[in-house]
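Notes to accompany the following structure.
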């Protein structure tokens, strides 16, 4: 995982679609071009909002704020950056500082719904208190799958059919899942997304599976727990059963993570129908999926026509990833399109803009618009964010953001690592034991070679870890 690997666990909500779920967006082996038609730098914080309303409504309010400033400095290396790793010692460093106090404003909606079989009601208001399930002692559960307690990277395989335990020192991948809670004979099973618990002995999985039948093509979506020691799974909540050739709608539970108190599972919830999706930030009981907070973030139909009043939506663009805010367990840091880092208070329902990452960094141009290949990684102890995204060259690059000062530094510019291009990155994580960013390059097609890479946060030096 370190070197340059992006983590976007595909949400394969309808198994019949398998990996075709991402067919409408550029794949990791396809060249990417910004649909905005511009490769120019973004000097100011721009924000767009895309929220689509689910069948349920939520109550939310945003606090208004004003004032934003950005200053950036960049020094370019005299040499070509595409064929070599970017390091501070080699003479190339770029940094920009951005402090942004502006916050989006908006009033919310409130109602109750029952989208999932597990949800008796959803409140648009903030979290009402601790979950009765509670459970374990407070702790920090890494959001990108790196387990520092056992020195392993938990991630999905290339086909999203299982979870792997990756030993980056020994160079080994081990299949964790030993058995599913349904008959595996003739079944196609997928892991759409997952979260580690603070104890780091259990993973919580959003899954889908099917036994294809021409007369009744049914796909089952379920919420499971996985014992990371013995590989056994347990069904916690059956979410949905869809029996149709093309149901025309889908739901996704993206970027899930468990808060430090183990009382709330935070998810970036998508409800998609046709060409549009609504985005909601939900907090749910980690065992029952009972909703305790629900905020309407964006509807991407608003890019063409928006039927919502000002204040109905908390943000103006698609939410691509999220991590815990290390300064408060009630807050979530979200990566929205156009390079916006925003903070959502899950108790108050307020949103503020924290920072905006420019598109242009010398020879590196990020693709922040219409790009699902974007990741946020968190260094919880040092309070640093790492934003990794595809670039116009079809590679990936990473920017470090220090949350205390909001200083931004180009950590990795997408240069080849030991002769290997990171052109098909599909997973990224922060290795807190070695202070490095891990990247997994997916092996798909003729132009993508599977491999694990790392980039040192202190020196920006890249390393090939192993080729599976």
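Please treat every number below as a calculation from the coordinates, not as lab data. Keep in mind that what you see is a predicted model, and the values were worked out from it rather than measured. Here Cβ is always computed from backbone atoms with ideal geometry, including for glycine, and neighbour counts include all displayed protein chains.
If Rh is defined by the Kirkwood formula over all Cα pairs and Rg also comes from Cα, what ratio Rg/Rh do you get for the stretch 357-410? The partial results should precede the final answer.
Working: Rg = 11.3 Å, Rh = 11.5 Å.
Over the Cα atoms of the stretch 357-410, Rg/Rh equals 0.98.
Taking 7 Å along the Cα-to-C-beta vector as the label spot, tell me the residue 151-residue 244 distance in nanometres, rounded to one decimal.
Taking the simple label geometry, residue 151 and residue 244 are separated by 5.1 nm.
How far is it, in nm, from the label point at residue 218 to the one at residue 304 when both lie 7 Å from their Cα along the line to the Cβ?
Calculated label separation equals 3.5 nm.
Could you estimate the translational diffusion coefficient of the stretch 327-468 from the Stokes-Einstein equation, with Rh from the Kirkwood formula over C-alpha pairs, at 37 °C and 0.692 mPa s, in whole µm²/s? Show your work: numbers first, answer last.
On the way: Rh = 15.7 Å.
Roughly 209 µm²/s, to the nearest whole number.
Suppose the chain between residue 170 and residue 418 were pulled fully straight at 0.36 nm per residue; how much longer would it get relative to their current alpha carbon spacing?
On the way: separation 248, 0.36 × 248 = 89.28 nm, distance 1.88 nm.
Length gained, residue 170 through residue 418: 87.4 nm.
At 7 Å along the Cα-to-beta-carbon direction for both residue 464 and residue 347, put a label point, then send me their distance in nm to one decimal.
5.0
I'd like the FRET efficiency for residue 404 and residue 232, computed as 1/(1 + (r/R0)^6) with the beta carbon distance as r and R0 of 60 Å, rounded to 0.05.
Details: r = 42 Å, r/R0 = 0.70.
Once rounded, the FRET efficiency stands at 0.90.
For the stretch 412-454, what is the convex hull (Cα atoms) projected area averaged across all directions, in square nanometres? If you can, show how the numbers build up before the last one.
On the way: hull surface 12.2 nm².
Projected area, direction-averaged: 3.1 nm².
Convex hull over the Cα atoms of the stretch 192-306, averaged projected area in nm²?
Details: hull surface 33.2 nm².
Averaged projected area of the stretch 192-306's Cα convex hull equals 8.3 nm².
Based on other C-beta atoms within 10 Å, arrange 168, 319, 176, 154 from fewest to most. Provide the component values of the computation, followed by the final result.
Numbers: 168 25, 319 28, 176 18, 154 22.
Going from least to most buried by this count: 176, 154, 168, 319.
Students often get this wrong: which residues of the stretch 223-263 have the backbone nitrogen under 14 Å from the point 7 angstrom along Cα-to-C-beta of residue 179?
Residues 227, 230-235 fall inside that zone.
Mind jotting down the distance between the C-alpha centroids of the stretch 223-296 and the stretch 303-319, whole Å?
About 23 Å separates the Cα centre of the stretch 303-319 from the one of the stretch 223-296.
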